[in-house]
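S.K.: Got a structure for you, written out below as structure tokens; questions coming shortly.
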Amino acid sequence: METTDKGIVRMLAELCAAHGVNDVVLSPGSRNAPLSVAFNRMPGLTCRVVVDERSAGFFALGVALATSRPVVVVCTSGTALLDLSPAVAEAYYQSVPLIVVSADRPKEWIDQNDSQTIRQEGALANYVKRSYQLPMSDEGDGAWYANRMINEALATAVSGRKAPVHINVPLAEPLYGICEADCSSTRVIRSAVANSPMLLDPTVVQSYAEQFTSAKRVMILAGFMHEEGELKSLLARLSNSQSVVVVAEPISNVCSESTLNQPELFFSSIKAEEATDYLPDILITIGGAIVSKSAKLFFRKNPPQAHWHVGVEEWTIDTFRCLTDRIDVAPHIFFSQLMEKIQPQSSDYSLKLKMKMEQALEAQDVALQSAKWSENVAFSLLLQHLPQQVSLHLSNGLTTRLGQRFPWSQNIRFFSNRGTSGIDGATSTAVGYSAANAGLTVLLSGDISFLYDSNALWNDFLSSRLKMVVINNGGGGIFRRLAGPPTLPEMKTYFETPHHVDMSKLAAAYGVGYMCADSKESLMEILPTFFSEQKGASVLELRIKS
């Protein structure tokens, strides 16, 4: 069909129709010409023109009240947006989901004495549920970003407490271009919202159960979460199905004997030519940020047919750029409802992936047996010889990534500051945790992370229940494992940042116990004493030459 040549505007009109919008109220203008063309020519939409924006807003409110559906109201740039504000405020307090779409000038022209340029971004912030500023580019990352935001905006308006949202669309001239375009190919991210008391509607559950049952390949990928016994039990049961595989990052705290618990090792072992052998039909993600870089690369290059993200989120999580369903309910509730209705298929998918995991672990074990003293060797030994019921804190950088590769032998609760993934605060978090936890707390940290947060030891709350292991490789070892930094002459000074801090003197300055290992043999000899020492908090330095 012929419509505007502005790709993001076409996407906006198409997604409004796909998300159940039937009615659009437009006020005339020049800057919003692409919006008027796109909405007018989109099948399934009824467009009405109301010249005065003050009246147009209330007119849209009336249509929304009569139809009990979201209504789009479109205006041009400048004070036209402000003229909508009384109606938007009224809709906010009446819980009516107006979709306010404003045309705007390109950002670089704001405050440059050009006509009809005011600060439109966030102008209605006090009376909308959320404001969205669309990008200018309609290609590559710009198109993906716009698609994600528009899907999120339309879902946000009608989820929970219904309310208006504001989508600001900067548009550059020329504004009246027309092209032939397929307006049925834009990705729609469906949204399933829990009913009270936080349960999905049975018909919604039935729909997902039918899709789940028909799939011969289902992968559940768990990112960081705090421990939740019910969810762990549900996932363990699901992972015993032939067509279902649960890949659990250690810091998800839902690992079991039946789940695949070394995701970075697993995904990095898959060759490009065999990717389709391990690709699921349905990918279900739960929890927070995924640590495994190989998992991210795998799914961005090989998008599954369907990707569901399950969890109560404030925004749309589209890490792999292939999200199809946003299911806003707690994972343990979703899976408990789902398991009442599913009948998993007979399949070799689970067996195939578990065999791949075993092969990768065996190859890694062989390599470790002959390997010289290194970060990998030290970390694998530490995980295998941790005491029972330990709370293990991983600093960001190398240690949290190594946690993705090696098995552990005891019942461990994992923690890591992966909300922001910053270098700051890992030691302080572990110190605070140990002060309030009756059991043993162990921190595994890189040297730069430990030095960066050394003030964590400057308090009166250190106890013998806190054990800190520092992998000292003389700098930021993580940068040696990245593709770019080692090729630059600035590698050591600006990335690795070598240091000559004496860890024994640092520990002594804070009155903390100190031990040191510089080989496999010395580490194995020290570990029992280190973990059993009761005289106070202590540091174990693992010296590893870079």
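The values are calculated or read from the model by the stated rules, or taken from the named source; none is laboratory data. In this text the structure is predicted, and so the values were computed from the model without any measurement. Quick reminder, even Gly has a Cβ in these numbers, built from the backbone with ideal geometry, and neighbours come from all protein chains shown. Only protein heavy atoms, including side chains, enter the accessible area calculation; ligands, DNA and RNA are left aside. Shrake-Rupley method; radii C 1.70, N 1.55, O 1.52, S 1.80 Å.
S.K.: Condition first: among the basic types (Lys, Arg) and open to solvent by less than 60 Å² (accessible area, probe 1.4 Å). Can you find one or more residues in the stretch 109-129 that meet it?
M.R.: No; the residues of the stretch 109-129 include none that is among the basic types (Lys, Arg) and open to solvent by less than 60 Å² (accessible area, probe 1.4 Å).
S.K.: Here is a further query. Across the stretch 1-46, which residue is farthest from residue 176 (Cα to Cα) among those that are part of a loop (DSSP other than H, G, I, E, B), open to solvent by less than 10 Å² (accessible area, probe 1.4 Å) and of a type in the set (S, T, N, Q)?
M.R.: Among those residues, the one meeting the criterion is 27.
S.K.: Further question on the same structure: Which residue pairs have Cβ atoms under 9 Å apart, sit 6 or more places apart or on different chains, and have a first residue in the stretch 522-546 that is farther than 19 Å from residue 456 by Cβ and open to solvent by 20 Å² or more (accessible area, probe 1.4 Å) and a second that is of a type in the set (A, V, I, L, M) and assigned to a loop (DSSP other than H, G, I, E, B)?
M.R.: Listed pairs, sorted by first residue: 531/386; 531/440.
S.K.: On to the next question. Would you confirm, using the coordinates I've provided, whether residue 227 is over 29 Å from residue 162 (Cβ atoms), open to solvent by 20 Å² or more (accessible area, probe 1.4 Å), touching a residue at least 40 places away in the same chain (Cβ under 8 Å) and within 25 Å of the chain's Cα centre (by Cα)?
M.R.: yes
S.K.: Restricting attention to the stretch 390-409, which residues are open to solvent by 20 Å² or more (accessible area, probe 1.4 Å) and either at pLDDT 90 or above or among the aromatic types (Phe, Trp, Tyr) (or both)?
M.R.: Matches in the stretch 390-409: 405, 407, 408.
S.K.: Continuing with this model, one more query. What number of residues within the stretch 273-289 satisfy the criterion of being buried (at least 24 other Cβ atoms within 10 Å of the Cβ) and over 18 Å from residue 231 (Cβ atoms)?
M.R.: Final tally of qualifying residues: 1.
S.K.: Need pairs with beta-carbon distance below 7 Å; first residue open to solvent by 20 Å² or more (accessible area, probe 1.4 Å) and within the stretch 371-382, second of a type in the set (Lys, Arg); sequence gap 6+ or separate chains.
M.R.: 373/520; 381/520
S.K.: Quick check on my filter: what residues within the stretch 339-396 are assigned to a loop (DSSP other than H, G, I, E, B), polar (S, T, N, Q) and at negative phi?
M.R.: 343, 345, 346, 347, 370, 374, 388, 395, 396
S.K.: How many residues does the stretch 410-437 contain that are part of a helix (DSSP H, G or I), of a type in the set (A, V, I, L, M, F, W, C) and open to solvent by 20 Å² or more (accessible area, probe 1.4 Å)?
M.R.: Of the residues in the stretch 410-437, 2 are part of a helix (DSSP H, G or I), of a type in the set (A, V, I, L, M, F, W, C) and open to solvent by 20 Å² or more (accessible area, probe 1.4 Å).
S.K.: Quick check: is even one residue across the stretch 56-69 in a strand (DSSP E or B) and either at pLDDT 95 or above or not small (Gly, Ala, Ser) (or both)?
M.R.: Checked the stretch 56-69: no residue is in a strand (DSSP E or B) and either at pLDDT 95 or above or not small (Gly, Ala, Ser) (or both).
S.K.: Determine whether the stretch 290-310 contains at least one residue that is without any contact (Cβ under 8 Å) to a residue 24 or more places away in the chain, of a type outside the set (Gly, Ala, Ser) and crowded, with 18+ Cβ neighbours inside 10 Å.
M.R.: yes
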